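Inspection log for the structure reproduced underneath, given as structure tokens.
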Amino acid sequence: MATPEQWLAGARPRTLPAAVAPVLAGTGVAAFYDGLVWWKALLALVVAVALQVGVNYANDYSDGVRGTDADRVGPMRLVGSGAAQPAEVKRAAFLSFGVACLAGLVLALATSVWLVVVGAACVAAAWFYTGGKRPYGYHALGEVMVFVFFGLVAVVGTTYVQTGTVPLAAWFAGAGVGALPCAVLVANNLRDLPTDREHGKRTLAVALGDTQTRYFFAFLIGVAAIFLLGLALETSAWVLVAFAFVIPVAPGVRAVLGGARGRDLVPVLQAVGVSELVYGAGIFLALVTA
């Protein structure tokens, strides 16, 4: 039976910036347009964190039962390591999704019932990343869905539930924020490229190959910077303080372009996570005080 520490590790807390940063950015945009509603922002955060934890457990379960994690280089997985039974991890995933659905339902009832459809799409995207008979994460679509759901949907949705509008600034922020978890996934799949190829998991890294994947990682960091500039032009020059995100991510870019492999890429994932949090927090602080 897995220990509490192993369950916490399985939830992969290092991935939580992918949940927190979009809510910070979306709330910052809402504040700029005088629409900040704290209780809705907090519920949006609950939805985002619960979905992130749920997708982590879902990936653990699905990759584990397929045998993809048998020769894993990265952090321990519960099913792959044998620390927990697959049914237990699957149950944890759906419990997390349930929490997200409950918080999301409150937001939908307070804002628009159409958000129920968006929430259902988010849960489906979380499960079918590696779950089901034809998981899209095994067909080089993971980065696209991460950009859409942990970038555009998360940021624009957070702004919408507070303001009832979807301003251009929210789309800029969503695109910029979304590029960073994509970069995390690219680095993660670059790390796992040899074993993913061996087990038939056709990630974008497998499709692009080693060299092009490294260039794509650097490109995504550039995308985040470009959309941050666009956000500043649309809202306030103070948003430029969020360019501090470059400081923690710069060593990661050097490592990736310098040929780091295997376990040497683990610090890159952590660096981009910190960078994403700085990015979202910078937008939030700039627009709340603008």
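Restricting the chymotrypsin sites (Phe, Trp or Tyr not before Pro) of the range 1-102 to loop positions (DSSP other than H, G, I, E, B) with no more than 13 neighbouring Cβ atoms within 10 Å leaves nothing. Take the Cβ-Cβ distance between residue 34 and residue 114 as r, set R0 to 22 Å, and report the resulting FRET efficiency rounded to the nearest 0.05. After rounding to 0.05, the efficiency reads 0.40. A straight Cα-to-Cα reach below 23 Å connects residue 201 with the lysines 90, 133, residues fewer than 8 places away in its own chain not being considered.
Every helix of 4 or more DSSP H residues in the chain counts as -39500 (n - 2.57), and over all residues that averages to -23500 deg cm²/dmol at 222 nm. With a Cα-only, solvent-free Debye model of the range 66-204, what are the log10 I(q)/I(0) values at q = 0.12, 0.16 Å⁻¹? Taken in order of the listed q values, log10 I(q)/I(0) reads -0.58, -0.96.
Model label sites at residue 5 and residue 195, defined 7 Å from Cα along the beta-carbon direction, differ in position by 2.1 nm. Separation of the range 141-176 and the range 11-26, taken as the distance between their Cα centroids, equals 13 angstrom. Seen against the Cα atoms of the chain and their longest principal axis, helix 17-32 is set at about 10 degrees. Both numbers refer to the Cα atoms of the range 15-289; Rg and Dmax are 18.1, 52 Å.
For the pair residue 270 and residue 95, label points projected 7 Å from Cα toward Cβ lie 2.8 nm apart. Be a star and scan the range 175-193 for residues whose amide nitrogen sits under 19 Å from the point 7 Å along the Cα-to-Cβ vector of residue 229. The answer is 175-180, whose backbone nitrogens lie closer than 19 Å to the label point.
Here's the thing: no lysines lie within a cross-link span of residue 40, going by alpha-carbon distance under 19 Å and ignoring same-chain residues fewer than 8 apart.
Laboratory data are not the source of any read-out in this text; all were calculated from the coordinates shown. Everything quoted here is computed from the prediction, not taken from an experiment. We place every Cβ from the backbone using ideal geometry, glycine too, and count neighbours over all the protein chains shown.
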